[in-house]
Every structure is written in structure tokens, then in C-alpha cells.
Amino acid sequence: MSLILGRDRECDYLDERDEDFSNEDFDSSSFYSSSFKGCSFISSSFHSSSFVDCTFIDCNFSSSDFSYSSFSRCKFDSCLFKGTTFSKVRMKDVNIKNSSFLYVSFDDSDLKDSGIYESKMNEGSFCDVSCKNFSFHSDNLSGTSFKGTMLSHISLKESDISGIYLSEGA
């Protein structure tokens with residue numbers, strides 16, 4: 001393990017495989033050009049952290065908190081997000097594919113030039129989200145709430161939107 005644990009860390013050029021980072025505090029940390037494969041981040045906190053040019057493959061982020069964090073040019077593939085919080089995050093050029101979301105909140109976030117592809121999202125929340133060029137492609141969005149979010153800036157191509165929740169004017 002080359003990652004130094006704790007908050008307020010500068011984490012550059014990491015290449016972590018099959019590590020358990022559960023219950024760790026990474027608040028206010030910065031991750032740059034790092035790769036994580038098969039890692040567990042269950043119940044970890046990334047509050048107010050930044051991620052640039054990072055890749056996450058087959059990682060578990062259940063019950064993790066990314067509130068107030070920023071993501072730029074990041075990729076997530078085959079990850080699990082159960083009870084994960086992305087409230088008030090900023091995402092630009094972020095791609096998430098083949099992943100599972102259950103009870104995940106993206107409320108009050110700013111999502112630009114990003115997307116979630118070929119994933120399942122149940123009981124998710126995208127309330128009051130600002131989107132520009134955001135895509136859901138071939139996703140199952142059953143039970144997901146988009147209250148207060150303008151859908152005119154979201155592509156829902158080939159996604160199952162049965163059972164989503166909307167507010168008037170969305």
C-alpha cells in the first residue's frame with residue numbers, strides 16, 4: 001500500500017490494487033492521476049476532496065461520503081455505490097459505467113460533460129442538480145428522483161425511466 005492514510009493528503013500517481021481502505025478519513029485530500037482496482041472504501045469519508053485524472057475499477061464505495069468534493073476527468077467502472085453521498089459535488093468530464101447505485105444522493109450537485117452508462121440506479125436522488133451535457137445511457141433509473149432538476153440538459157438515451165419522480169416544471 002503506497003497510500004498514506006489520513007485527511008488533508010496530497011495523493012499523486014497512486015496505483016492501488018485490492019486494498020481495504022474502509023472507514024478511513026480522506027477529508028480535504030487531493031488525488032491526482034491515480035488508479036484504484038478492486039479496492040474497498042466502505043464507510044470512508046472524502047468530504048471536500050478533489051479527484052483529477054483518477055480511475056476506479058471494481059471498487060466498493062458503499063456508505064461513503066463525497067459531499068462537497070470535485071471530480072475532473074475521472075472514470076469509474078464496475079463500482080458499487082450503496083448509500084453513497086455525492087451531495088454538492090462538482091463533476092466535469094466524469095464517466096461512470098457498469099456500476100450499481102442504491103440509495104445514492106447527487107442532490108444539489110453541478111454535473112457537466114459527464115455521464116452514467118449501462119448502470120443500475122435504484123431509489124437514487126438527483127434533486128436540484130445543475131446539469132450541462134449530462135447523459136444516462138442504457139441505465140435503469142427505477143425509483144430515482146429528479147425533483148427540481150431541469151431534464152432538458154440531460155440525455156436519457158435508451159434508459160428505463162419508468163418509476164422516476166419529477167416535480168412540476170422539470
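Shown for the chain is the translational diffusion coefficient from the Stokes-Einstein equation, using the Kirkwood radius over Cα pairs, a temperature of 37 °C and a viscosity of 0.692 mPa s: 208 µm²/s. Say a paramagnetic label sat at a point 7 Å from the Cα of residue 15, along Cα to Cβ; which residues of the stretch 34-54 have their backbone N under 13 Å from it? Counting only backbone N, you get 34-37. A simple spin-label model places the labels of residue 82 and residue 152 4.0 nm from each other, with each point 7 Å out along Cα-to-Cβ. Need the list of lysines near residue 75 for cross-linking: C-alpha distance under 24 angstrom, and skip anything on the same chain fewer than eight residues off. Here the lysines satisfying the reach criterion relative to residue 75 are 37, 88, 92, 97, 112, 120, 132, 157.
Carbon and sulfur atoms: what percent of the 1.4 Å accessible area of the chain do they account for?
On the way: 3520 of 7930 Å².
C and S fraction of accessible area: 44 percent.
Per residue, the accessible area of the chain comes to 47 Å², computed with a 1.4 Å probe over protein heavy atoms only.
Between 155, 43, 109, the residue with the greatest mean-square fluctuation in the GNM of the chain (Cα pairs under 10 Å linked by springs) is 155.
The values are calculated or read from the model by the stated rules, or taken from the named source; none is laboratory data. Quick caveat: nothing in here was measured; it's all calculated off a predicted structure. Positions of Cβ are generated from backbone atoms using ideal geometry, with glycine treated the same way; all protein chains shown enter the neighbour counts. Just so you know, the surface numbers come from the protein's heavy atoms only, side chains and all, with ligands and any DNA or RNA stripped out. Shrake-Rupley method; radii C 1.70, N 1.55, O 1.52, S 1.80 Å.
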